[in-house]
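Here's the structure we're looking at; comments come further down.
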Amino acid sequence: MAMLGQRRQQRPATRKRLESPGAKRDDEGSVVIERLAHDGRGVAHNLEGKILFIEQALPGEEVEVAVHTQHGRYDEGHVRRILKASDERVTPGCAHFGRCGGCDLQHLAIEGQRRHKQQVLREHLARHDITLPDSLSLEAEAWGYRRRARLGVRVGSDDRIHMGYRIRGQDRLFNIEQCPILDPRLEALLQPLRALLETLEVPRRVGHIELVAGDDHVMITLRQLRRVPGDLARWQQFAREQDLLLSLLCGEGEKPVAERLDDKPDIWPHYRALPGDDALSIQVQSGDFLQANAGVNHQLVAQVLDWAEVHQDMPVVDLFAGVGNFSLTLAAAGAQVIAYEGRESMVQRLRDNAESAGVSARIEARCTDLASAPPGLETASLVVLDPPRAGAQGICQALAESGPSRVLYVSCEPATLARDVHLLVSGGYRLVRAAVADMFPQTAHLESLVLLERQPK
Ligand SMILES: C[S@@+](CC[C@H](N)C(=O)[O-])C[C@H]1O[C@@H](n2cnc3c(N)ncnc32)[C@H](O)[C@@H]1O
C-alpha cells in the first residue's frame, strides 16, 4: 500500500527493447484504441493482429503509436500523435505526468477514471464467474488528497541530489518539483526539502523521507543508516522553521531505532476516522499504516459501519486492524471487537487509541501473524478484513469452511480480492454488496469493499 498505484510487472525474459524508443515506426501506422487495460493503458491491435498496450491512450481514440518494447505476444508503446481525441481526454494536471512513476490516468476525466475502476472490479470478479452487484463509488477530492508519501533521496556520481519517486520499472529516482495529488501541506514542503538537502554535509546518508499529514500536525521521518550530528542539527532547525514533527529511523535492517528529534516528543499526528467526530481521534507514529486519502477514508469507515449493522455487544472480529481505523468506530457503535494486527507497535497504538477514545472495554487487540486464520472466527457475527495486496487466501479458506454469517472484505488489490471472494462463494457465501473507493485518484490503483452473507444450508 505504500506505493502510488499498481505498477506494471516487467518481463525481461522475452521482451526486446527497441534501440531508439522514441523513433517512429511507420509499420504500426495508426490504430484505434479499443479499451483500457487494468493498469490504465490503452489496448489496440496492429495490422497483424498483435496486441498493443499504449500509454496515455483512451478508448475510441485514433492514435499513431511508437512501439518501444516488443514481446512475443504483445508490444508496448506510447502515443506519437493523436489523430482523433476522446471527449474524455483532459490536460494532465502535473508537469511530471507519465515520467515520475506515480500517476497513470491524469489524461482521463475523473468520471471516466471512476467508471474504469468499476469495470476493473467487475472484470476481475467475472474471471471467477462472480457477478458484481450494483456497486457504490466512494469519492472525494481528485487532487491534493494524498496524506502520506515516501520520497527517495539519492546523490548522483556528479553530486547532484535526486529527491522523488522511483521511475517505473527502474532503480532510478525521478526528481520531483511538484506533486499536485499530495496534500497541499506536503506539496509545499518539496522545494524547502530539496533546498535543505543541498546544504547537508552528508546527504548520501539520507535514504528516504516519509511525509505524513495528520488532521492536526505534519510529521517527517528521516530514514538514515547512520547519524550525522551536524546534519541532524540542520534538520531540527528546518522542523522548527516549518512547524513540523521530526523523527529519525536510524540503523540497518528491518528494525531501525526510532527517535524523535524535535522538542515535542509527546505529540504525534492524529486523524478523525469519521468527519467531525473528535472523540474518535486516531494517532499514528512513524512507520504506522495510514489510509492515504482522508476524504475517501471517511467514506470507507462510514460504509463499513453502515454495512456492519452493529447492535449492542455484537461480536466483531477486525483482521489486519492497523492502528484501529475500523475497530474504533465499530466499538464506539456498540460492537465488542477483537482486533488482530501483525505489528506489535501498531497493536500497542490501537490499544492507546482505544483508551483515548473511551472504548478500550470494547476492544481486545491481539498481535498475531495472519498468514493463517486465528481461531474462533465462526463465533463472531461479522468478520471485517483489510489485508495487504497479497490478500487473505488462508483466512478465506478457513472462513469458507466455518465462517460467521457475514464477512466484510476491504481490499487494495482487486485480483486477490476476486480470488478470495471466489473461495468464500465456493464455501457458501453470496456477494451482496460492493463499492469501489477512489482512494488514489489519477492513478489506476483501486480500493474496494464487498459484503458477503452466508447462504442458509
Ligand atoms: C491495508 S492495511 C489495513 C489497516 C487498517 N485496517 C486500516 O484501515 O488502517 C493492512 C494491515 O495489515 C497488517 N499486516 C500485513 N501483513 C500481516 C500479517 N501477515 N499478519 C498480521 N497483520 C498483517 C499491516 O501491518 C497493516 O496494518
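The values are calculated or read from the model by the stated rules, or taken from the named source; none is laboratory data. Since the structure is predicted, the reported quantities are computational estimates derived from the model, not experimental observations. Cβ sites come from the backbone with ideal geometry, for glycine too, and all protein chains shown count toward neighbours. With ligands, DNA and RNA removed, areas are computed over all heavy atoms of the protein, side chains included. Shrake-Rupley method; radii C 1.70, N 1.55, O 1.52, S 1.80 Å.
Looking at (1) surrounded by 19 or more Cβ atoms within 10 Å (Cβ to Cβ); (2) charged (D, E, K, R); (3) farther than 24 Å from Asp104 by Cα, which is the one condition that is false for Arg160?
Failed condition: (1).
Out of the residues in segment 325-384 that are within 10 Å of the ligand (Cβ to nearest atom) and β-branched (Val, Ile, Thr), state the one that is surrounded by the fewest Cβ atoms within 10 Å (Cβ to Cβ).
Filtering segment 325-384 for residues that are within 10 Å of the ligand (Cβ to nearest atom) and β-branched (Val, Ile, Thr), the one surrounded by the fewest Cβ atoms within 10 Å (Cβ to Cβ) comes out as Thr368.
Within segment 389-412, count every residue that is near the ligand (Cβ under 10 Å from one of its atoms) and open to solvent by 10 Å² or more (accessible area, probe 1.4 Å). Please lay out each step first, then the result.
Of segment 389-412, the ones near the ligand (Cβ under 10 Å from one of its atoms) are 389-390, 392, 394-395, 410-412.
Subset that is open to solvent by 10 Å² or more (accessible area, probe 1.4 Å): 389-390, 394.
Result for segment 389-412: 3.
If we keep just the residues of segment 275-291 that are open to solvent by 40 Å² or more (accessible area, probe 1.4 Å) and either in contact with a strand residue (DSSP E or B) (Cβ under 7 Å, 6 or more places away or on another chain) or within 12 Å of the ligand (Cβ to nearest atom) (or both), which is farthest from Ser247 (Cα to Cα)?
Kept after step one, since they are open to solvent by 40 Å² or more (accessible area, probe 1.4 Å), are these residues of segment 275-291: 275-279, 285, 289.
Narrowing further to those that are either in contact with a strand residue (DSSP E or B) (Cβ under 7 Å, 6 or more places away or on another chain) or within 12 Å of the ligand (Cβ to nearest atom) (or both): 278, 289.
Details: Asp278: 25, Phe289: 16 Å.
Per the stated criteria, the residue is Asp278.
Please go through segment 313-324 and give me each residue that is in a loop (DSSP other than H, G, I, E, B) and more than 9 Å from the ligand (Cβ to nearest atom), ordered by number. Explain how you work it out, then say what you get.
Initially, segment 313-324 is screened for residues in a loop (DSSP other than H, G, I, E, B), giving 313-314, 320-324.
Residues satisfying the conditions are Asp313, Met314.
So Glu123 passes all but one of these: (1) at pLDDT below 95; (2) surrounded by fewer than 16 Cβ atoms within 10 Å (Cβ to Cβ). Which condition number does it fail?
(1)
Scan segment 163-183 and give yes if some residue there is more than 23 Å from Pro59 (Cα to Cα), of a type in the set (Gly, Ala, Ser) and without any contact (Cβ under 8 Å) to a residue 60 or more places away in the chain, otherwise no.
No, segment 163-183 has no match at all.
Would you confirm, using the coordinates I've provided, whether Leu173 is open to solvent by 10 Å² or more (accessible area, probe 1.4 Å), more than 19 Å from the chain's Cα centre (by Cα) and aliphatic (A, V, I, L, M)? Show your work before the answer.
Details: open to solvent by 10 Å² or more (accessible area, probe 1.4 Å): yes; more than 19 Å from the chain's Cα centre (by Cα): yes; aliphatic (A, V, I, L, M): yes.
Spelling it out, Leu173 is indeed open to solvent by 10 Å² or more (accessible area, probe 1.4 Å), more than 19 Å from the chain's Cα centre (by Cα) and aliphatic (A, V, I, L, M).
With the condition kept exactly as written, say whether any residue in segment 278-285 is at pLDDT 95 or above and closer than 11 Å to Leu330 by Cα.
no
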